[in-house]
Amino acid sequence: MMYYTHEVSRAMIAPWRWGSRVMLDSLKKPRNPIARLPGSTVFVAANEIFRDLTRRYPKPAFNLNSTMCDGELVEISENVVKRKPFAQLKNFRRSVARPSDAKLLIVAPLSGHFPTLLRGTVQEFLPDHDVYITDWRDACMVPISEGSFGLDDYIDYIIDFLDYLGPDTHVLAVCQPVVPTLAAVAVMSGGDHPATPRSMTLMAGPIDARVNPTQPCQLARKYRLSWFRRNLIHTVPVPYPGAMRRVYPEFLR
């Protein structure tokens, strides 16, 4: 019900956003005498804050168009090399082929983030690595006919991407995907999988949540799992493609 309420409230403030935009456009015109009145700048600032707080932010682009390789500027193109219902595998292909460079899979956070959060990380690896990244889809955009997506599926996706990239791949996980990446590599290593990564780097993600517990960790110890299901998991409303899917909404996070 909360998801529906959220969408209805956004629809209700749409006229206010339109009025705010018209007012801002008017006050920013130099010939408008009202713009020179005392307090007009405060009014403009208040409207800009309202606009920024209520807008929908689209998925940002990486905008990584070039990098330096051996002192030369080379072009970068983004290519989706593998598509799955809940994610796609993206490669940053350089215009100069260097087979000797190591393949690197960057596992980006899924929950509440865009993979462009790691734009700087990708940029630093581009000069001497063949870089790939997990580009997760918002679950509200995935039809319910595609099935559910849980921790087991998360691990399977990482294994599938590593299998696609083949041997001699390195993997780097940042924040939330640290645990599923560790599990995926453990499963592959235990089964002598030929695509088991050569190295695994885990950054900023708790392996043992009992050590230096964060606020979410403390919350998890305070309440039962049923409490989280009842208060944090909500149904995606129409007209999203993922209508009727049960998710932990981004706005609630």
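The values are calculated or read from the model by the stated rules, or taken from the named source; none is laboratory data. If you're wondering where the values come from, they're calculated on a predicted model, not measured in any experiment. When we count neighbours, we look across all protein chains shown, and the Cβ atoms used for this are built from the backbone with ideal geometry, even at glycine. Note: areas computed on protein heavy atoms with side chains; ligands, DNA, RNA excluded. Shrake-Rupley method; radii C 1.70, N 1.55, O 1.52, S 1.80 Å.
Look at (1) crowded, with 16+ Cβ neighbours inside 10 Å; (2) of a type in the set (S, T, N, Q); (3) more than 25 Å from HIS129 (Cα to Cα) and you find that THR196 fails only one, number (3).
The residues of region 198-212 that are at pLDDT 95 or above and touching a helix residue (DSSP H, G or I) at 6+ places or on another chain (Cβ under 6 Å), listed by number, are MET200, LEU202.
Mind counting the residues in region 217-233 that are open to solvent by 90 Å² or more (accessible area, probe 1.4 Å) and either touching a strand residue (DSSP E or B) at 6+ places or on another chain (Cβ under 8 Å) or of a type in the set (S, T, N, Q) (or both)? Before you say what the answer is, go through the steps one by one.
Initially, region 217-233 is screened for residues open to solvent by 90 Å² or more (accessible area, probe 1.4 Å), giving 218, 221-222, 224-225, 229-230.
Now narrow it down to the ones that are either touching a strand residue (DSSP E or B) at 6+ places or on another chain (Cβ under 8 Å) or of a type in the set (S, T, N, Q) (or both): 218.
Here the count works out to 1.
Residues that are more than 19 Å from the chain's Cα centre (by Cα), open to solvent by less than 60 Å² (accessible area, probe 1.4 Å) and of a type in the set (A, V, I, L, M) within region 234-247 comprise just one, ALA243.
Within region 199-216, the set of residues being closer than 19 Å to LEU165 by Cβ and surrounded by 13 or more Cβ atoms within 10 Å (Cβ to Cβ) comprises MET200, THR201, LEU202.
Taking region 90-114 as the range and being β-branched (Val, Ile, Thr) and either open to solvent by 80 Å² or more (accessible area, probe 1.4 Å) or over 17 Å from LEU162 (Cα atoms) (or both) as the test, only VAL96 passes.
For region 60-73, does any single residue satisfy the condition of being without any contact (Cβ under 8 Å) to a residue 60 or more places away in the chain, β-branched (Val, Ile, Thr) and more than 25 Å from ASP138 (Cβ to Cβ)? Let's see the steps before the verdict.
So the first thing to find is which residues in region 60-73 are without any contact (Cβ under 8 Å) to a residue 60 or more places away in the chain, and the list is 60-61, 63, 65-66, 68-73.
Going one step further and asking which of them are β-branched (Val, Ile, Thr), we end up with none.
No: zero hits.
Candidates are the residues of region 133-155 that are in contact with a Pro (Cβ under 7 Å, 6 or more places away or on another chain) and among the acidic types (Asp, Glu); the one that is surrounded by the fewest Cβ atoms within 10 Å (Cβ to Cβ) is GLU146. The residues of region 140-165 that are aromatic (Phe, Trp, Tyr) and either more than 18 Å from LYS84 (Cβ to Cβ) or in a loop (DSSP other than H, G, I, E, B) (or both) amount to a single one, PHE149. How many of the residues making up region 80-122 are closer than 21 Å to PHE251 by Cβ, of a type in the set (Ser, Thr, Tyr) and in a loop (DSSP other than H, G, I, E, B)? Looking only at that region, the number is 1. In the set (1) under 25 Å from THR196 (Cα atoms); (2) open to solvent by less than 40 Å² (accessible area, probe 1.4 Å); (3) touching a helix residue (DSSP H, G or I) at 6+ places or on another chain (Cβ under 7 Å), ASN32 fails one condition alone, (1).
When residues in region 156-183 are screened for being more than 19 Å from the chain's Cα centre (by Cα) and under 12 Å from ILE207 (Cβ atoms), 2 of them pass.
For region 41-52, the condition of being modelled with pLDDT of 75 or more, open to solvent by 100 Å² or more (accessible area, probe 1.4 Å) and acidic (Asp, Glu) holds for none of the residues.
Can you pull out the residues in region 115-124 that are under 21 Å from ASP70 (Cβ atoms) and either open to solvent by less than 60 Å² (accessible area, probe 1.4 Å) or polar (S, T, N, Q) (or both)? Walk me through it before giving the result.
Our first condition is that a residue be under 21 Å from ASP70 (Cβ atoms); within region 115-124, this holds for 122-124.
Result: VAL122, GLN123.
Would you confirm whether any residue within region 63-79 is part of a loop (DSSP other than H, G, I, E, B) and either surrounded by 11 or more Cβ atoms within 10 Å (Cβ to Cβ) or in contact with a Gly (Cβ under 6 Å, 6 or more places away or on another chain) (or both)?
Initial filter on region 63-79 (part of a loop (DSSP other than H, G, I, E, B)): 63-65, 70-71.
Next, from what is left, pick out any that are either surrounded by 11 or more Cβ atoms within 10 Å (Cβ to Cβ) or in contact with a Gly (Cβ under 6 Å, 6 or more places away or on another chain) (or both): 64.
Yes, some residue in region 63-79 is part of a loop (DSSP other than H, G, I, E, B) and either surrounded by 11 or more Cβ atoms within 10 Å (Cβ to Cβ) or in contact with a Gly (Cβ under 6 Å, 6 or more places away or on another chain) (or both).
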